[in-house]
1. Amide H neighbours of VAL603 under 5 Å, at least 5 residues apart or on other chains, H built in the peptide plane: list them.
2. Determine the distance separating the Cα centre of the range 539-595 from the Cα centre of the range 170-214; give it in Å without decimals.
3. Pull up all non-local amide H partners of ASP553: gap of 5 or more, or a different chain, and H-to-H distance under 5 Å with H placed in the peptide plane.
4. Let me know the charge dipole size of the range 167-216 about its Cα centre in debye, to the nearest 20, where only the beta-carbon of Lys, Arg (+1) and Asp, Glu (-1) is charged.
5. Take the Cα gyration tensor of the range 122-263, multiply each eigenvalue by 5, square-root it, and list the three semi-axes largest first, rounded to whole angstrom.
6. Over the range 1-82, what percent of the accessible surface lies on carbon and sulfur atoms, probe 1.4 Å?
7. For the range 567-665, what is the convex hull volume of the alpha-carbon atoms per residue, in Å³?
8. Going from the alpha-carbon gyration tensor of the range 332-423, what semi-axes, largest first and in whole Å, does one get by taking the root of 5 times each eigenvalue?
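The values are calculated or read from the model by the stated rules, or taken from the named source; none is laboratory data. It should be emphasised that the depicted structure is a prediction, and the values quoted were computed from it without experimental measurement. No Cβ is skipped: glycine too gets one built from the backbone with ideal geometry, and neighbour counts run over all protein chains shown. Surface accessibility is based on the protein's heavy atoms, side chains included, excluding ligands, DNA and RNA. Shrake-Rupley method; radii C 1.70, N 1.55, O 1.52, S 1.80 Å.
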Amino acid sequence: MAVPPGTVLRPAPAKEEWGASELGRFLLGVERRTGRRFATYEDAWQWSVDDLESFWALLWEHFGIVTHSPYTAVLERETMPGARWFPGATLNYAEHVLRALAARPEAVIVVARSQTTGSREWTAARLLEEIRRVQHGLTRFGVRPGDRIAAYLPNVPETLAVYLAAAAMGVVFCAVPPETGPRGVLDRIGQLEPVLLLTVDGYRWGAKDVGRAAEVERVRAGLPGVPTVLLPYLDAGAAPPPGAVSYADFTAQDGEITVRPVPFDHPLTVLFSSGTTGRPKAIVHSHGGLLLEHYKAIALQFDLGPDDRAFWFTTTGWMVWTLSVSSLLTGCALVLMDGDPSWPRLDGEWSQWAVAAETGATYLASGSAYLAACAHAGLRPGTTWDLSRLRQINCSGSPLAADVAGWVYDAVGDALLLGPTSGGTDVCTAFVGGNPLVAVYAGEMSCRPLGAAVDSWDAQGRPVRGEPGELVVTRPMPSMPVFFWGDENFERYRASYFDVYPGVWCHGDWLVRTERDTWVITGRSDATLNRGGVRLGTAEFYAVLDGMPEVADSMVLHFEDGTGMGKLVLLLQPTGGDRADVERRVRTTLRRELSPRHVPDVVVFVPSVPRNPAGKRLEIPLKRMVQGAAVDQVLDLGVVVHPGDVPAVVAAVREGLDAAAAVAG
């Protein structure tokens, strides 16, 4: 179904309807408290970034932030980097989750579906018990506030309990999913010098059993002297390796929950960058920063509360997992899934749609690539499954094409709130997205979240409209990293975000502000294609290609050749049909919809397009491999969805480039 970009798929509610959402109720309360009047959400956003201190203070009050000593200022220092939020305050992120769990002890709060172990459901009381038991185990191992623990664990209830138990004690948590190879694990957690490693013996992905015993031993060898706890997962009878203890022994004793108040900027968790341009950045997020930002995101922007079940499809290594845990702040229940959503078929029993229907999810956080695959396969989830409880779909990982957005409303549900979102591991939240008070536009993101002073700037630091500019954040956000681990002088931090515009966060995405005041990400500025001096964003290609039924997936690469034009290579994974015909239609469509400059020099047909589990295309690593870099220097195959296809893809691109060079020569 052809849907032009910018088509209104769902109108904004009238001001009289704002009281139907938590965001609306919050803003109506702000009006009563301050005497201000917001005609539109955009008016409210403008107030929230013009008066940052009032906004965050009112949000603090609205959610009843528990403090053990009061703050002396909201924002003591506004410099970036180095902004200092809520000095004097001591609090604990996990205490607020524990408060929500204690309020509904008998409610089913965790609904877990695993291709490895099957189905489990935990009440809030059961999760609280597991947290107590994990804390007792941590204490037994001598883990203290400020220490780091590492979880080589999947998206299961135990991982949730370990994170919250550590947070409540002031212990710093990090996670790497078990599909990550030993080098990738050590490149990440090795930076932190953890005092404890928790791991599984393996997992099941679809019909395939993936043992990790050898990988765990290599990780342990790289962390000499670090105690290990084994959670049997693939094999319920798996014994701990020599020198390790079982998870059952680790959690054998119950006790009282310990909550340690910490300063606002005390480290809570460490997230890791992809590592595609060097050693992964160890991005440190704080208790106070994520607490405030996630209350805002979960309760206001996503409108989740005690009546909801939120199904976030994610691995533990993605920022979405950390964000998903914060659903518990609002009393919302969590649906956890560990496994392949395309097994045994895209419309099979492990489809995200099937799991959402079976668990009664009201909210689904998926990947744009997954939605596109379902659309291209002709699925009609709203007919196949009972999705009557589902009221909202959020998607990220890559831009959502206009046609796919239209498919959601046609084939899933016409009353849904669809919220394409773009954010980052760096802030563990969104820069642009949607919310219940704004319209939904095909192929575009509707708004900037409250308190996020996001804009699009040209090279001279001037706001631009209608053309790609750098995504910038002009005022501090509480969830900006407090530091990178091991970056004592903030050199890497400054180089990552502040070397383009001094004192202004530059994220590295091309962002377009439309005439409707909506937003479109057109690609990474470090992956931008330059054809004869004209910048082409990769997302422009994908917005067109993702809407073509003959294209299952695609990737665009540009290789410089000294001529100024370079070679534009298009990787295509077709849905079927004659390849020559598919190539002809793709070339014609790109020329017609974009420009002659967008027509590729080389078209390569591939078995799959390299993506990570979050759905992101791995453009930069693939380009570097084609240019001769060793695979293990640029990419951990453990985090590629179809790792076995990578060598064939690299070979096919090289062959295509060689053939083009031979013709040119």
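1. Under 5 Å from the amide H of VAL603: LEU570.
2. With the range 539-595 and the range 170-214 each reduced to a Cα centre, they are spaced 37 Å.
3. Result for ASP553 returns GLN573.
4. 100
5. Taking √(5λ) for each eigenvalue gives 23, 18, 14 Å, largest first.
6. Carbon and sulfur together cover 52 percent of it.
7. 114
8. In descending order the semi-axes read 17, 15, 14 Å.
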